1. Give the residues of segment 2-37 that are modelled with pLDDT of 95 or more and of a type in the set (Val, Ile, Thr), sorted by residue number.
2. What is the one condition in (1) crowded, with 19+ Cβ neighbours inside 10 Å; (2) touching a residue at least 40 places away in the same chain (Cβ under 8 Å); (3) hydrophobic (A, V, I, L, M, F, W, C); (4) out of contact with any strand residue (DSSP E or B) (no Cβ under 9 Å at 6 or more places or on another chain) that ALA41 does not satisfy?
3. Do the conditions hold for ILE79, that is, is it modelled with pLDDT of 85 or more, in contact with a strand residue (DSSP E or B) (Cβ under 8 Å, 6 or more places away or on another chain) and of a type in the set (A, V, I, L, M)?
4. Residue check, ILE74 against (1) surrounded by 12 or more Cβ atoms within 10 Å (Cβ to Cβ); (2) of a type outside the set (D, E, K, R); (3) without any contact (Cβ under 8 Å) to a residue 24 or more places away in the chain; (4) out of contact with any Lys or Arg (no Cβ under 8 Å at 6 or more places or on another chain), all met but one. Which one?
Amino acid sequence: MLENLTPFLLHWGITALSLWVASFIFSGLKFDDASSLIVSALLLGLANAIIKPLLIVLTLPLTLLTFGLFVLVINALMILLVASLIKGFKVSSFWTAFFASMFISVLSIVIGSFVNGSPATTIQMPHDGLWL
């Protein structure tokens, strides 16, 4: 059971750290205290795991029409949803949530790549001359 809990806690911590850094960069993103930050990170993870896939399926024609860019809008809506549910988490506008969601996503990927320590994949040429 502990092997399943560790990646969850690690992802939760990375999300919380990304939200915390984003609150310093975006003036429209505010947390009242550390507990609201931690609960917001947990709820954002749950919303991204449960509600976001449903929204992507429901808006699939629009997502395909915009070549996937509508997923950025869905990310912003997830942040606005969490901000509406958590009393100590405030987002000033949709555009703040939009750009903050992009920043949080990129920062989470960068931090996660450092923390997980996945080695770089090396590509080797075939020795027998066959590529396929």
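The values are calculated or read from the model by the stated rules, or taken from the named source; none is laboratory data. All figures in this text were calculated on a predicted structure; none of them were measured in a lab. Counting neighbours? That spans all protein chains shown, and the Cβs are built from the backbone with ideal geometry, glycine included.
1. Answer for segment 2-37, where residues must be modelled with pLDDT of 95 or more and of a type in the set (Val, Ile, Thr): VAL21, ILE25.
2. So ALA41 meets the others, but not (2).
3. On the way: modelled with pLDDT of 85 or more: yes; in contact with a strand residue (DSSP E or B) (Cβ under 8 Å, 6 or more places away or on another chain): yes; of a type in the set (A, V, I, L, M): yes.
Yes: the conditions hold for ILE79.
4. Answer for ILE74: the failing condition is (4).
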